[in-house]
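The values are calculated or read from the model by the stated rules, or taken from the named source; none is laboratory data. Keep in mind that this is a model prediction, so the values were computed, not measured. As a convention, Cβ positions derive from the backbone with ideal geometry for all residues, glycine included, and neighbour counts pool all protein chains shown. Each accessible area value is taken on the protein alone, full model and side chains, heavy atoms only, with ligands, DNA and RNA left out. Shrake-Rupley method; radii C 1.70, N 1.55, O 1.52, S 1.80 Å.
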Amino acid sequence: MSTLSEWASRERAARPGLTHSVDPNRPPLSEGLALAGITFALSLLLGLHMVLQLHIVPDDTIARVANAYYVLFSREPHLGAIGFVWNPLPSLLELPLTVLRPLWPPLVADGFAGNIVSAGFAALGALYMNRILARIGLGRLWRLLFSALYLLNPLILFYGANGMSDAMMVATFLAAWEGAIAYLQHRRLGSLAAAALWLAVAFLIRYEAVPFAFMLAGGMLLGLYWQRRPAPEIEGALTIFLTPIVYVGAWWVYMNWLIMKNPLYFMNSAYGNASSVGTGSYYYFGLAGVTHHLLAAFLYAAQFALLFWPVVPGAIGALLLMRRKGRSSLGPLLLLGTVAVAGLQMLMLYLGKSAGWDRFFITYVPGGFLLIAFLFSHVSVHRRAVAGIAAALVLLVGDVGTLVALQNPILGHGDSVYIASVLSSQPISSGNGQFRTIASYIDAHPRLVVLLDTFSLWGVVLASRNPKQFVITSDLNFQSLLHYPGGRVSSFLVPQPKGIAQLDAINRAYPKLWSGSVPWARLVHQFPGPSHVRLFRITPNAP
Amino acid sequence: MIDQVLGDLSRIPLVSLRPFRYGPRAILVDPIDSRAAQLLDEHGAREHGLLIYAQTPGSLYVAARLPMNDTARGVLKALGRRIRLAQATSADLAAAYDRVYPSHPPKQSAKPSATASRAKAAVQKIRIGDLLRQGGKLPAASIDEALQSQATDGGRLGWLLTSRNEVTYLDVAEAVAEQHGLPFVDLLNGEGGSSAVASRLDATLFDLMPESFWRSHLAVPIGRSRLGLRIAMVDPEDTAAAQSLQAASGVPLRLAVTGYRDVLAALEEHYQQEYTYRSLADLVQRRPEDSAHQLLSLLQRSVLIAIVILLAIGMAVAVMPTLTVVNAVLGVLYFWVLVHKMILLMRPTDELLEIGITQEDLDALDPASLPPYTVLVPAYREAAVLPILTKALTELDYPKDRLDVKLLLEEDDLETIDAAKAMRLPNYIEILVVPPSQPKTKPKACNYGLSHARGEYLVIYDAEDIPERDQLKKAIAAFRKAPANVSCVQAKLSYFNWDQNILTRWFTAEYAAWFDLLLPALHGARLPIPLGGTSNHFLVRTLVDVGAWDPYNVAEDADLGIRLYKAGYQTLVMDSTTYEEANSDFVNWIRQRSRWVKGYIQTWFVHMRHPVRLYRELGPKGFLGFQLVVGGTPFPFLVNPLYWLMTTLWFLSLWRSVPLIFPSWLYYLASINLFAGNFSFIFINMVGAARRGDWRLIKYEVAMPVYWSMMSVAAWKAALQLLTRPFYWEKTEHGLLLETMQGAVQPPMQQEAP
């Protein structure tokens, strides 16, 4: 017979709280910190070398630093200047560093603040990679060896050093992965919560976090189901897992609506990736075949596995393992996480909205490492040494493969120019020189009030000694000044409307201005170079 | 001659055989002349309950256990000397034998094993059992069963049998009287048949000793004559009491045995006014500064008035700057509450900070070592839930003979009193009627109950509570594990009707975050813990020490937690749950919540009368913790509506000045409060529910802000009521779910457990 208090005890026992004070599988913090420290130093040194000696300053890096810079140093300092096209976290983290510009101008002018932040994330990624390896069951020797191979992977190392957001994304993905694994293994609630928060952080870095989060949730679902967890727990755990990213996503949409008056501004604005792709400037023949052809899109995305080929045997092995050894609850989590971003790219390629760059497939690298480690962890103890050496060799050859692939773009655009420059130690020429010329011209004419679109001419603002001389895109009255410049703005600075420069706000408002067909704008100066920028004076008869 | 002496037992004086301290150097003197004692052999002495404790050339002074059988008389006659007879208690005699007959090792040096002493006790008590059986009071089988349980769990047979409702307290008293050869008195129905006990007793005799003496020794003075002082006791073997009384009165004692209920009734009648007074005024008298008797001190009043005046002047002179300053202060405070709380709440998501009691800990408890435990159940107009309560209490895994349940009912609540009386409650549940006085609050009733408590430990349950079966034992185990300064162990609360409607789901989720995250976090960080309304287990001594509950505070539980911390006591949170009934009705919920919020505000003002002193008493960490938990709990709910209103006005562009009182830094801060605040609390609530295993609640927590808006309604009601009716107790209706619980055998929730 059941009684009230027995019911109470049973009720309690049936739903045990999740409280674990000990975490058996976490490596010592000192180990992770040492690894992170080494990664940070390595990435930063490489970053310094690339920026200062090779002049490798990717547009994506400096654009984000620029956005941070406008927040505090434009004519109207406000947080909204951080922009709503790119996810805001990289700029937000670079914001405090831009304050140090007077001490060391390259922090802003060469976007080095970005390199510092990306090196930080590279360190974070190494830390979490090591933790996951420990959770999968690798002893100290093997996990340190694998971690070392991971941080030396050229793609990981290069993006960790170059200030772009790809390494940041990978690091947050690894952190989320680690929490999800810890939850599946030990039902560590704090890890589940941390994983969920990392996904939200990932969203603030890259939109790819959305498919990754949902694929990871799918992996969790399968894993928990296979572990025969009760349905309410699966439902509750997944709700916790996805709430932060959904909330942050909703917040971002709301912010776009509140400030840009367009809830989907980040997606469909003139500056979004889709518009850039739409200009055709990223277009090349390879993309033609995949648009609206699902199989072709799949094969196209799959080919990028050559960036880190061990991901293919890793995935196949994991599938076979799950078939043979029954339902390993971590399998789906690792597999689905690995293919999430590639899957999105496949979809985008199919829709004709992706440029299909190498770096969009960077998640094959961490995924490949995890899958190989996962297979290795299933080898019986007495074969560990041989299997470990074999696995390490596979990963090492994989790293070499990455290096080869980076130099010979698999398809379409890669960053092979940069890679070649790093390998040959030959500085590359970038648009920065042109920006400096323009900036020094404007600095020499301090009475000019120059309107420009930072989408294309950010470098000018960054190089200028007096950024307040510019009316920039994020200024609250930019649109008003653009359309009614008469008596309010002295000059327009505009690039030649070709390629993505067609998206320049001035070119969109006055497509014929650059060619001199607008009567109230008079050409004052030309700056030949890659962008062929022209400075126009606004005459009094302007609207 | 012996026969002559024995003819009138009441003339035989009582003698204490215990060693006593004597003289300026307090030398320990044994009243027994051991040479004289040797005149009787040990076997004869023990068997017949005799002991020669002194001799003069002509006489032998003999202590005897009375009444005496013929053989014993024969033994005495055979001594051939003039016998001076005195009566001694069995305990005194037993101890004396051990001292004077060296063949028997002294008891103090060799520690008897628990089983041995228990067996010995059983042998001693069989006689009571026999007496009861002979008297036809109960069958032998019941006695055997009781003896068996005594052998495993310890305890005393009389209490054991009465706790099972197998005999009455009077039956036991009669048997004890017979056993000790003492007269038996029935105080309640005795001479005259009147139930008014104290009126027949000499009131001045009570003044001989303090109330605590009479209560702890379960004794009452029933008369005085030239022969001595007549005392009715429940346990005549309590020689310490007899000695103290004799010392205090200076006259011989004449003991009688009476029932437990008789003593309680006599004490209740004599001391009722004192109890009432104490339950109302103890704290106010001892620590007026700590009572909410007066809400605001003069200084607080002046400061508040000064603030109002300043604000008024500010508004008159410069509206926008004044509003901006107010806005900034609120925004910064809000931000601090948000950040500090989140930092605290992160830790328990992964760590077990509450004290965990394992099955091994429970198994290690020697049942015989379990002390008396008082359970206070304040109830008002709750006749309907009494069956649930009785059932839950009956099922508690604790020796019932040491359970001292006080059902605290208000005198005007005839319905519940009648219902309780009609229920034929087990003897260990005592109906204690609290006499009417203002304010009529739960803490006052609890204080009243506390002054009657028999237990070493005490817990409060609400009438509709269902504690986990082993909660009392867990609490004991926790106390025994804990450091010496621990005075309270708080169990967790949750709701059995969580799935009744959306309100109960939110409410249960809120409780999960409170009891499974916040309290463990506070416990882990050694910060003051506001106690929950029920299931707080106290060490009675310390509870009395801090002045117990403040009858004028409507969040007496939270307030007591703070005062315990102030007094240097620690509160633990224990992993055991009591299930309560969540308020499922909106209006009822608002009333209950407004009472809680009002109490928190009261508590904040009470302890902030002397902020500097409070800071010194609590230390910087404790002070911040107090501000966060007591002030920071109602604060967001009071402020939220203001910000929602401003946001709405701003959105609708109805009040263009809104941006003017938000300088950009404050705008960002307020944005964080809004966006991060809502998110953090939703998320942490989800994690709290998960930590409890209440997975099914999680999805409902997405809409938690709706619940918070209801909290704001309650908070403002509370704030306004604080001005108009500060001590008014908003009663919560319970038993709304009675139909489902009535069948208690199979609660509906059970089927939903995974």
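Could you state the orientation-averaged shadow area of the convex hull built on the Cα atoms of segment A:459-503, in nm² to one decimal? Kindly include the intermediate steps, with their values, before the conclusion.
Details: hull surface 15.3 nm².
If I average the Cα hull's projected area over directions, I get 3.8 nm².
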Principal axis extents for segment B:587-707, Cα atoms only, whole Å, descending order, please. 48, 42, 30
In Å², what does the accessible area per residue of segment B:334-742 work out to with a 1.4 Å probe? 33 Å²
Ranking B:415, A:76 from most to least accessible area with a 1.4 Å probe gives B:415, A:76
On Cα atoms only, tilt of A:29-48 relative to the major axis of chain A in degrees: 30 degrees
Accessible-area composition of chain B, carbon plus sulfur, in percent [1.4 Å probe]: 60 percent
Consider all pairwise Cα distances in segment A:283-428 and report the whole-number % of them above 25 Å. 37 percent
To the nearest 0.05, how large is the calculated FRET efficiency for residue B:585 and residue A:79 if R₀ is 35 Å and r is the Cβ-Cβ distance? 0.20
What accessible surface, in Å², does a 1.4 Å probe find on residue B:444, ignoring ligands, DNA and RNA and rounding to the nearest 10? 0 Å²
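Restricting to DSSP H runs of at least four residues, report the calculated mean residue ellipticity at 222 nm for chain A, -39500 (n - 2.57) per run over all residues, nearest 500 deg cm²/dmol.
Values: 25 runs with 329 residues, N = 543.
Result for chain A: -19500 deg cm²/dmol, rounded to the nearest 500.
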Report, in degrees rounded to the nearest 10, the 0 to 90 angle that the Cα long axis of helix B:502-513 makes with the longest principal axis of chain B. 70 degrees
Along the charge dipole of the protein assembly as shown, which of B:184, A:260, A:71 sits closest to the positive end, that is, farthest toward it, with unit charges on the beta carbon of Lys, Arg, Asp and Glu (+1, +1, -1, -1)? A:71
For segment A:432-538: rounded, prolate or oblate by the Cα gyration tensor [a/c cutoff 1.5]: rounded
What spacing in nm lies between the two simple spin-label points modelled at residue A:302 and residue A:45, each 7 Å away from Cα in the Cβ direction? 4.1 nm
Find out how many positive minus negative residues lie around residue B:619, taking Lys and Arg as positive, Asp and Glu as negative, among other residues whose Cβ is under 15 Å from that of residue B:619. +4
Nitroxide proxy distance, nm - points 7 Å out along Cα→Cβ at residue B:309 and residue A:523: 7.6 nm
Cα gyration tensor category, rounded, prolate or oblate, for segment B:334-742 with a/c compared to 1.5: prolate
Of B:442/B:598; B:341/B:442; B:406/B:598; B:341/B:621, which sit over 25 Å apart, Cα to Cα? B:341/B:442; B:406/B:598
For segment B:264-364, restrict the atom set to alpha-carbon positions and state the Rg and Dmax in Å. 25.2, 72
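Once fully extended, how much extra length lies between residue A:312 and residue A:231, figured as 0.36 nm per residue of separation less the alpha-carbon to alpha-carbon distance? Intermediate values should be presented prior to the final figure.
Working: separation 81, 0.36 × 81 = 29.16 nm, distance 3.31 nm.
Separation in residues times 0.36 nm, less the Cα-Cα distance, equals 25.9 nm.
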Looking at the square roots a ≥ b ≥ c of the eigenvalues of the Cα gyration tensor of the protein assembly as shown, which shape do they give, rounded for a/c under 1.5, prolate if a/b is larger than b/c, or oblate? prolate
Expressed as a fraction of 2.2 N^0.38 Å, the rule-of-thumb size for a compact globular protein of N residues, what is the C-alpha radius of gyration of segment A:77-183? 1.24
Could you list log10 I(q)/I(0) for segment B:437-558 at q = 0.13, 0.14 Å⁻¹, which the Debye formula gives when each Cα is one point scatterer? -0.58, -0.68
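Please arrange A:239, B:239 by accessible surface area, largest first, computed with a 1.4 Å probe and ligands excluded. Mind showing how you got there, number by number?
Numbers: A:239 30, B:239 10 Å².
Putting A:239, B:239 in descending order of accessible area: A:239, B:239.
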Size of charge dipole - chain A - debye, nearest 20, with Cβ of Lys, Arg +1 and Asp, Glu -1, no other charges: 440 debye
Note the angle between two axes, namely the Cα long axis of helix B:114-134 and the longest principal axis of the Cα atoms of chain B, as a number of degrees from 0 to 90, rounded to the nearest 10. 70 degrees
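Using alpha carbon coordinates only, what is the Rg to Rh ratio of segment A:358-458, with Rh defined as the Kirkwood radius? Before the final figure, lay out the partial values.
Values: Rg = 23.3 Å, Rh = 18.1 Å.
Ratio value, two decimals: 1.29.
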I'd like the interface area for chains B and A: accessible area of each alone minus the complex, both sides summed, 1.4 Å probe, protein heavy atoms only. What is it in Å² to the nearest 100? 4200 Å²
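Would you mind estimating how fast chain B diffuses translationally, via Stokes-Einstein at 20 °C and 1.002 mPa s with the Kirkwood radius over Cα pairs, in µm²/s? Let's see the in-between values first.
Values: Rh = 29.5 Å.
Diffusion coefficient, whole number: 73 µm²/s.
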In a shell of Cβ-Cβ distance under 9 Å around residue B:685, excluding residue B:685 itself, what net charge do Lys and Arg (+1) and Asp and Glu (-1) give? -2
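Averaged across the residues of B:578-586, what count of C-beta atoms belonging to other chains lies within 10 Å of each residue's C-beta?
Mean partner shielding for this stretch: 1.
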About the Cα centre of chain B, what is the dipole size in debye to 20, counting +1 per Lys and Arg Cβ and -1 per Asp and Glu Cβ, all else neutral? 2020 debye
Would you please state the base-10 log of I(q)/I(0) at q = 0.06, 0.09, 0.12 1/Å for chain A, with intensities from the Debye formula using one equal scatterer on every alpha carbon? -0.33, -0.70, -1.15
Hey, quick one: spin label on residue A:498, modelled 7 Å out along Cα-Cβ, who in segment A:452-472 has an amide N within reach, i.e. under 19 Å? A:456-457
With all protein chains present, how much of the accessible area of segment A:432-538 (probe radius 1.4 Å) comes from carbon and sulfur, to the nearest whole percent? 55 percent
Listing of segment B:663-683 residues, each with accessible area lower by at least 40 Å² in the full protein assembly than in the chain alone (probe 1.4 Å): B:668, B:675, B:679, B:683
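Which net charge results for the neighbourhood of residue B:213, defined as the other residues with beta-carbon distances under 15 angstrom from its beta-carbon, given Lys and Arg at +1 and Asp and Glu at -1?
Values: positive: B:215, B:454; negative: B:207, B:211, B:235, B:238, B:274.
Neighbourhood net charge equals -3.
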Could you tell me the relative contact order of chain B? Use alpha-carbon pairs under 8 Å, at least six residues apart, and round to a whole percent. 12 percent
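Defining a contact as two alpha carbons under 8 Å apart and six or more residues distant in sequence, what relative contact order in percent does segment A:432-538 show? Provide the component values of the computation, followed by the final result.
Working: 164 pairs, mean separation 27.1, N = 107.
Contact order relative to length: 25 percent.
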Rounded to the nearest 10 Å², the accessible area of residue A:257 using a 1.4 Å probe with every protein chain kept is 120 Å²
For B:571, B:71, write out the residues from largest to smallest accessible area, computed with a 1.4 angstrom probe and no ligands counted. B:71, B:571
With a 1.4 Å probe and all protein chains kept in place, how much accessible area does residue A:55 have, in Å² rounded to the nearest 10? 90 Å²
How high is the relative contact order of chain A? Use alpha-carbon pairs under 8 Å, at least six apart in sequence, and give a whole percent. 15 percent
